[in-house]
Amino acid sequence: MITLALSKGRIFEETLPLLAAAGITVLEDPEKSRKLILPTNQPDVRVVLVRATDVPTYVEYGGADLGVTGKDTLIEHGANQDGSLRGTGLYQPLDLRIARCRVSVAVRADFDYAQAVRQGARLRVATKYPAIAREFFAAKGVHVDMVKLYGSMELAPLTGLADAIVDLVSTGNTLKANQLVEVERIMDISARLVVNQAALKLKQAPLRRIIDAFAGAVGTDYTSPEAA
Ligand code: PRP
């Protein structure tokens, strides 16, 4: 059995065409079903639905053989800031180039971020991405107090909880709807295929077939899984 970990929403939707390239069709719609294990048209392939932040954990500990997750999530899980996975027990054979967005700093429109940085002010930053935020502000030489949140980051500057947020931005509509402005782009994000190291050895043929099909679908020159 091959188990693929996905999170609901954009990652799930944008992975479907890649699965189709591997001849795999998911037989249930996660928006309609409460099931967490979804069968596919291939009896030996199943999809498990987990929280986005749990995908690397499932794959690392073998609860899933492979998974799709954002570079942001991988970095917060312990990957290096360039997204490489050396030392984490995971293989990252492919940048799937889906679920693209960016991690940015945003503030209230009436907050003078540039001046605060110039003056060496201590910033209070609310984020779900403390590793990315800490590294970014440390490199800039800006002192920050980090406030860890799990969602609705946009609310933090509006309620006085924080001066700035570090969050994902895609269209920018969420920031605009909450009168926030993007003041720094920290990094571009896309979803990555991650694979359990032991599974790659034990189930090499079926996993290679899926990885090769994904690589073909995203147009990546790929020969063998790199121990990233
Ligand atoms: C992300 C992010 C923003 C929004 C940005 O949330 O946290 O709220 O998308 O997208 P936009 O620029 O296109 O408006 P997501 O929907 O992934 O859910 P989350 O709150 O669980 O992070």
Please tell me if LYS32 is without any contact (Cβ under 8 Å) to a residue 12 or more places away in the chain and farther than 17 Å from ARG192 by Cα. yes
Quick check on the range 209-219. Is at least one of its residues surrounded by fewer than 16 Cβ atoms within 10 Å (Cβ to Cβ), over 18 Å from the mean Cα position of the chain (by Cα), of a type outside the set (A, V, I, L, M, F, W, C) and at pLDDT below 95? yes
Here, strands (runs of 3 or more DSSP E) confined to the range 75-154 with at least 2 residues that are surrounded by 19 or more Cβ atoms within 10 Å (Cβ to Cβ) and in contact (Cβ under 8 Å) with a residue 60 or more places away in the chain are 90-95, 101-108
For the range 71-102, enumerate the residues that are among the hydrophobic types (A, V, I, L, M, F, W, C) and either under 18 Å from VAL166 (Cβ atoms) or within 16 Å of the ligand (Cβ to nearest atom) (or both). LEU74, ILE75, ALA79, ILE98, ALA99, CYS101
For the range 4-52, how many residues meet the condition of being of a type in the set (Phe, Trp, Tyr) and surrounded by fewer than 18 Cβ atoms within 10 Å (Cβ to Cβ)? 0
When residues of the range 155-188 are limited to those that are in a strand (DSSP E or B) and acidic (Asp, Glu), the one nearest to the ligand (Cβ to nearest atom): ASP167
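To keep it simple, each residue is scored yes or no on (1) more than 20 Å from GLU184 (Cβ to Cβ); (2) small (Gly, Ala, Ser).
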{"residue": "ASP29", "(1), (2)": "yes, no"}
{"residue": "VAL47", "(1), (2)": "yes, no"}
{"residue": "GLY70", "(1), (2)": "no, yes"}
{"residue": "LYS128", "(1), (2)": "no, no"}
{"residue": "ARG134", "(1), (2)": "no, no"}
Take the residues in the range 13-57 that are among the polar types (S, T, N, Q) and out of contact with any Ser or Thr (no Cβ under 9 Å at 6 or more places or on another chain); name whichever of them is modelled with the highest pLDDT. THR15
For the range 1-69, list the strands (runs of 3 or more DSSP E) that sit wholly inside it and hold at least 1 residues that are within 17 Å of the chain's Cα centre (by Cα) and more than 16 Å from the ligand (Cβ to nearest atom); which are they? 2-6, 45-49
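The values are calculated or read from the model by the stated rules, or taken from the named source; none is laboratory data. Because the structure is predicted, anything quoted here is derived from the model rather than measured. With ideal geometry, Cβ positions are generated from the backbone for all residues, glycine too; neighbour counts draw on all protein chains shown.
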